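Q: Sharing a structure with you now.
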Amino acid sequence: MDQNFSLMAQSRANYYTAGSPVQFVRVELLKGDETGEVAVCLTFKNVGTEPLTGLVIHFKCKDAAGQVLCEDDFYYEQLDAQPGDLFGSDDAVYVSDTPVSSVEIEQDRAFLNGRGVDLRGYKRVRLQTPRVLPASIAKTLQQRTGNDALICVPQDIEQGWFCACGAFHPNEENTKVCSECGGDRAYIKAALTHVLEEARQAAEQQQREINAVANSDPQQDTAAATAAAAQAAIAEEPTAQFAPPQAESNPELDRVRRYANKGILLDEEDDDDDEGTRMFDAEEVTGELDYDDDYDDDDEDEYDRPRRRGRYADDSEESADDVMAERIIRWAPPITAVICALIIAVAVIYRFLIA
């Protein structure tokens with residue numbers, strides 16, 4: 001009874017036979033739709049320069065535990081495989097009710113135009129596994145070439161070259177077109193190079209945009225850092241960094257600064273002079289009195305009264321202290337205004353520079 005078989009699994013050969021006109025390509029496991037039996041099918045390729053008319057191989061099938069399920073020879077007869085042709089995928093070398101996990105192949109003899117060639121003396125060379133392309137790159141490459149089988153990196157090795165479909169072509173085959181997918185070797189490599197260059201440029205552009213967002217404006221960052229440092233300096237050392245220029249030394253102003261906090265304005269030479277004027281402290285004097293040397297009983301009522309605050313005892317006579325007081329009254333406001341203006345000007349200029 002005929003039945004259809006569906007593909008269960010397939011695996012490419014991980015070696016090639018150096019110098020042999022016949023190469024083992026892949027093994028496939030097919031499952032019957034009706035019986036569920038597993039059919040083992042092998043694919044070979046004629047890489048020589050002559051037509052292949054027959055092939056004898058020895059195979060060994062094993063289960064998952066490594067037990068041999070079947071070991072036998074198989075004859076591919078009445079072939080007409082031209083150089084570069086694939087064959088064998090339609091012939092099942094073994095059908096089993098038990099799942100097959102691995103298959104070992106040994107080539108025995110090939111028939112080229114009726115002439116037998118012993119294949120047992122050719123040495124096997126293990127192949128590296130083809131590198132798989134990222135899904136996005138593979139999809140773009142397939143769209144550019146119109147070939148849906150391209151999923152690997154095409155590469156050249158000492159023994160031959162790998163197509164982007166994963167097929168290996170030994171040097172003995174001497175071809176530039178893949179016998180499995182039909183892709184041109186040079187065209188596929190050029191298309192992939194172009195796709196990778198576009199992907200690289202897109203990645204660099206994306207990285208530049210990310211860096212621009214992450215780093216923002218360096219000038220603004222520098223200004224912000226300078227402003228923060230300046231604010232810290234103002235908070236820690238305001239006098240040292242922003243002290244206004246000191247006025248020139250003036251003996252009279254020095255004397256004013258020396259005694260003003262004490263409420264006393266006296267010429268140093270007249271400290272003992274009874275006629276000197278005296279200014280009292282802020283508190284009113286009500287209990288203890290300061291008497292002059294010329295005190296007599298007739299003046300008792302006068303001294304019983306508290307002295308006036310902030311006024312001179314003798315208003316009828318102008319003394320050196322009166323002159324000094326007038327100078328303080330005249331010059332203190334403009335000097336204070338100048339100092340405040342300097343402080344404000346320095347602050348405004350500083351904030352303007354760092355803004």
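Q: Please pick out the residue among D90, D80, D118 that is surrounded by fewer than 18 Cβ atoms within 10 Å (Cβ to Cβ), of a type in the set (D, E, K, R), touching a Pro at 6+ places or on another chain (Cβ under 9 Å) and free of Cβ contacts under 8 Å to residues at least 60 places away in the same chain.
A: Selected residue: D80, the only one of D90, D80, D118 that is surrounded by fewer than 18 Cβ atoms within 10 Å (Cβ to Cβ), of a type in the set (D, E, K, R), touching a Pro at 6+ places or on another chain (Cβ under 9 Å) and free of Cβ contacts under 8 Å to residues at least 60 places away in the same chain.
Q: So if I check each of T43, T17, which one is open to solvent by less than 20 Å² (accessible area, probe 1.4 Å) and touching a residue at least 60 places away in the same chain (Cβ under 8 Å)?
A: When all the criteria are applied, what remains is T17.
Q: Follow-up. Are any residues in segment 122-159 closer than 30 Å to A64 by Cα and surrounded by fewer than 14 Cβ atoms within 10 Å (Cβ to Cβ), and if so, which ones?
A: K123, R126, Q128, T129, R131, V132
Q: Residues of segment 1-56 being among the charged types (D, E, K, R) and touching a Gly at 6+ places or on another chain (Cβ under 8 Å), which ones?
A: R12, K45 - these are the residues of segment 1-56 that are among the charged types (D, E, K, R) and touching a Gly at 6+ places or on another chain (Cβ under 8 Å).
Q: Moving on. For segment 121-159, which positions are closer than 18 Å to Y187 by Cβ, in contact (Cβ under 8 Å) with a residue 24 or more places away in the chain and not hydroxyl-bearing (S, T, Y)?
A: Matches in segment 121-159: L133, I137, L141, R144, N147, A149, L150, V153, P154, Q155.
Q: Right, next: Are any residues in segment 51-77 open to solvent by less than 60 Å² (accessible area, probe 1.4 Å), under 21 Å from G121 (Cβ atoms) and not small (G, A, S), and if so, which ones?
A: Correct list: L52, T53, L55, V56, I57, H58, F59, K60, F74, Y76.
Q: Hey, can you tell me all the residues within segment 146-166 that are farther than 23 Å from S136 by Cβ and not polar (S, T, N, Q)?
A: Hits for segment 146-166 are D156, I157, E158, G160, W161.
Q: In addition: Given the criterion under 19 Å from D73 (Cβ atoms) and under 54 Å from the mean Cα position of the chain (by Cα), identify the matching residue among V38, V56, V47, V22.
A: Step by step, each of V38, V56, V47, V22 is checked, and only V22 is under 19 Å from D73 (Cβ atoms) and under 54 Å from the mean Cα position of the chain (by Cα).
Q: Let me ask something else. Name the residues in segment 101-115 that are exposed (fewer than 12 other Cβ atoms within 10 Å of the Cβ) and either touching a residue at least 60 places away in the same chain (Cβ under 8 Å) or closer than 14 Å to L42 by Cβ (or both), would you?
A: N113, G114
The values are calculated or read from the model by the stated rules, or taken from the named source; none is laboratory data. Owing to the predicted nature of the structure, the values given are computational and were not obtained by experimental measurement. Virtual Cβ from ideal backbone geometry, glycine too; neighbours counted across all protein chains shown. Keep in mind that these areas ignore ligands, DNA and RNA; they rest on the heavy atoms of the full protein, side chains included. Shrake-Rupley method; radii C 1.70, N 1.55, O 1.52, S 1.80 Å.
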